[in-house]
Structure formats: C-alpha cells, structure tokens
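J.: Below: one structure in structure tokens.
Here, each number is a calculation from the coordinates, and none is a lab measurement. Quick caveat: nothing in here was measured; it's all calculated off a predicted structure. Because the Cβ atoms are built from the backbone with ideal geometry, glycine has one as well, and the counts that use them run over all protein chains shown.
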Amino acid sequence: MSANNGHVTVVGSINRDLVLSCRTLPERGESIAATGFETHNGGKGANQAVALARLRNSVAMVGSVGTDSDGDLLIDALVSEGIDVVGVTRSNESTGLAVILVDNAGDNMIVTNQGANAALTVGDIDRTSETIRTADVTLVQMEIPLEVVAAAVAAAAGTTILNPAPAEPLGPLVLDHVDYLVPNRTELGTLAGVATPETEAEVLAAARNLGFAGTVVVTLGSHGAVAIIEGVIKARTKPPLVAVIDTVGAGDAFCAGFADALAGNASLPDAMAWGTACGAYATTVRGAQPSMPSRADALSLLPTVLILGTRE
Ligand code: RIB
C-alpha cells in the first residue's frame, strides 16, 4: 500500500469513553464488579478521523462537542493529530459519552449518551459543504441525527462511505447518495429488517434485501470482511491471528483503512485488505483512539491478511 495523502472529511460523533474491564460481560439483571477502569477519547467519527490522520491523510472533522472540559480535551486531541476541526461546533449539551464494558476475551458492550452529537444540524453541514464537496472521500457514521447523515452524503462529490453504526433502517434519501455501505453483521440485520445473519448465505440474503445499488462491505470480526455488489460476493478478506486485547474501535479502524485506500485509488480487494489490517491492529491495543493504527502499524499486519477471490 503506497503512502497516501488523500483528503478525507469525516462527519460523525466525538465522545469521551468510560471503559470498565470485567472478566465476563454481565447477564441481564446481573451486578458485577469491574476489574479495571480507564477513560479514553472515542466516538466513531473521531476514531475514524484519528486513524485517517495517522494513515497520513489530510482530514477534516465535522461534528459537535459541548462547551465543557471534555469538549476542550477532545478538540485538543483531534488538533494534536493534525485534524482540521473548523467543522466541529460547540453546543450547550454535554459532550457525548460512551460507557463501555470490555471482557477478558476483548468483547465489548457500548451504551452512549449522544449529548452534543445530537445537536449537529443540517445547517452545520451547509456551513461545511465546501469541505465535504471537495473531499476525495466523505466518511459518515450514525451517532448523529439521521437528517444530518442524509445531508452529509448528499453534499459529497467524491466517494461516500457510510458506516451505519448504530444501525436503523435507511431509505433512498440516504442510500442513493452512498457508494459503500460498511455494516457489521448485527447492523446489516437491522438495516435489512432480519435477524442477525450468521452464515455467509444469510449475509448475502440480508445484503440483497437492502435495495442498495452500491457496494456492501460487511465486517465479520475475526472472520474478516466480505464485499457484495448486486447480490454477488466480489471479494473477501481473512484477518491474521493476533492477540486480541480489546475489540473496541476495530470497526472504526477498518472503515478508516478502507477509506484511506479508496482515497488512494486502491482496488476493492486491496482496500478491504488494508481495512482488515487496520481493524486487526486495533484489537491488539486497549481503548478506541489509542488503538487506531499508523501506516507502519497497518503495514506490519498487511502481509498476513488473506484476500480471497470472487464467489457468485
Ligand atoms: O466504535 C467505538 C466507539 O463507539 C467508542 O469510541 C464509543 O465512543 C462509541 O462511539
């Protein structure tokens, strides 16, 4: 993967993450004691922006934080990564917050308080439309209001990628402006209105149910990722075996790597392989933003990512 210098605009959430480690995730109604507590910078949008900056893109962030100290801290962190924060507004709501549980296997559960992320408006997109219009790639997630997601993808003139997380059903107002939809299996099920697809056949059937004309790239955790165009699998990747510590942010790292590669005009299989290397790296480091890979981090894993061919 050659060095990149794409221009990517990320429209999405900015959160402070409160992370509790626990031996196992609690059952419904169960109280458990944490084995550790850490705070990290997070938010799907900010995580993806940070990864894109570490992968050497010129990155602009559009989002919203509160006027509180968490808002100051998160903006400072983005600036320190070299990210343009002119599109980050301040709201009277408190800065977005995520409570995250991570178990000994690295699996997680996340509950967010949207806070200031919910205060992002279509007017904010209008104000930053030039930044979005001129980007090689616009990368959007769904921890912000849906009408803002729709406005952001409609404003883009370059490649658009939507990471529909957290998922809710999407109509043509959004989907008609999206080139690449990147859900995980659970999100794909929600988008398609079916139970979480477990097998490859179920993933294909759910993707066909979306009525989406672009490319669906489904992330499958330790099973890699699969790209589906017009109901047909066009490429698949398999990640390397790594020592998983914390899966929080792995999907964000995949999306950022995928966006980075597309900004550099990579082929679909190469972009998926690069995303897979980035996602695998993120599972080896604790915390969301701390685990976002640099180019060297992702390159160290790339040779161990398998690209599997087309399958009808
Ligand atoms: O994808 C991980 C992110 O989801 C966390 O950083 C948390 O803030 C939530 O947005």
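J.: Could you work out [θ]222 nm for the chain from helices alone, using -39500 (n - 2.57) per DSSP H run of at least four and dividing by all its residues? Round to the nearest 500 deg cm²/dmol.
T.: Taking each H run of at least 4 residues, the total per residue is -9500 deg cm²/dmol.
J.: Which distance in Å, rounded to a whole number, links the C-alpha centroids of the stretch 4-30 and the stretch 183-245?
T.: Result: 20 Å between the Cα centres.
J.: In nanometres, what is the gap between the two model label sites at S69 and I307, each 7 Å from Cα along Cα-to-Cβ?
T.: Those two pseudo-labels are separated by 4.9 nm.
J.: So, one more: Can you tell me the equivalent ellipsoid semi-axes for the chain? Use √(5λ) from the Cα gyration tensor, largest first, whole Å. Spell out each step's value before the answer.
T.: Numbers: eigenvalues 129, 113, 78 Å².
After scaling each eigenvalue by five and taking roots: 25, 24, 20 Å.
J.: 7 Å from Cα along Cα→Cβ at both N92 and A201: what's the point-to-point distance in nm?
T.: Going from the N92 label point to the A201 one covers 5.7 nm.
J.: Nearest 20 debye, what's the magnitude of the dipole of the chain about its Cα centre given +1 on Lys and Arg Cβ and -1 on Asp and Glu Cβ?
T.: Details: 17 positive and 33 negative charges, 130 e Å.
The dipole of the chain has a size of about 620 debye.
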